[in-house]
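K.L.:
Got a structure here, written out as structure tokens. Questions coming.
Please treat every number below as a calculation from the coordinates, not as lab data. These numbers were taken from a predicted model, which means no experiment stands behind them. Ideal geometry is used to build each Cβ from the backbone, glycine not excepted, and the neighbour counts take in all protein chains shown.
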Amino acid sequence: MHELPIRSNSRAIIVDYDAATTDLIAELLMSVGFMPLCRSAWPISVACIEQAQAQLLVLDLGLGCPNPVLALLGELRRNATTRALPVIVNSTDDRLLARIGQALRDLSCVALAKPFELDDFFLSVRLCLDLVATCNDASIG
């Protein structure tokens, strides 16, 4: 059993092109207490994420150009309401994840290659939650 520092009924938005992956991620998140809200694909806006009052975003990078995802992540970080939202960016394209890895880290996001092992998924969720908690603690002190 994986225990994570979340409140009961915390919302997680899952944006993924693959229905099977979306279902798997939703099941995994439900197993640790998240209430998943699933979207099949782009576009998703900061307003939509803000309205959902999510405590986690799991976002598929897709194939090709990462610019829309990076732009969305930049908007999230500039928005006072979503600035501290934990984000996992996943992709089947390992090279693309590696190429934008530093940009994702700069945006306080965790990258996860697909397919992933279950333990790697839960570790990514924990890292993501811990990263945001650390950033919040640093901004307070």
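K.L.:
Per 10 Å bin, what percent of the C-alpha pairs of the range 37-98 does each bin hold, from zero upward?
P.N.:
Once binned at 10 Å, the Cα pair distances of the range 37-98 give 20, 57, 21, 1.
K.L.:
Next question. Mind telling me which of L118, L73, L107 comes out most flexible in a GNM of the chain, alpha-carbon contacts under 10 Å?
P.N.:
L118
K.L.:
Mean Kyte-Doolittle of at least -1.0 and a Cα length of 24 Å or more along the axis: which whole DSSP H helices of the chain meet both? Write out the running numbers ahead of the final one.
P.N.:
Numbers: long enough: 118-140 (33 Å, 0.95).
Those that pass (Cα extent of 24 Å or more, hydropathy at least -1.0) are 118-140.
K.L.:
In 5 Å bins starting at zero, report the fraction of Cα pairs in the range 10-140 per bin as a rounded %.
P.N.:
P(r) over the range 10-140, rounded to whole percents: 2, 11, 23, 27, 23, 12, 3, 0, 0.
K.L.:
Hey, got the dipole for the chain? About the Cα centre, +1 on K and R Cβ, -1 on D and E Cβ, debye to the nearest 20?
P.N.:
On the way: 11 positive and 16 negative charges, 99 e Å.
With Lys and Arg at +1 and Asp and Glu at -1, about 480 debye.
K.L.:
Got a sec? Which residues in the range 45-68 would a label at N79 touch, if it sits 7 Å along Cα→Cβ and we count backbone N under 20 Å?
P.N.:
Of the residues in the range 45-68, 45-62, 66-68 have backbone N under 20 Å from the label point off N79.
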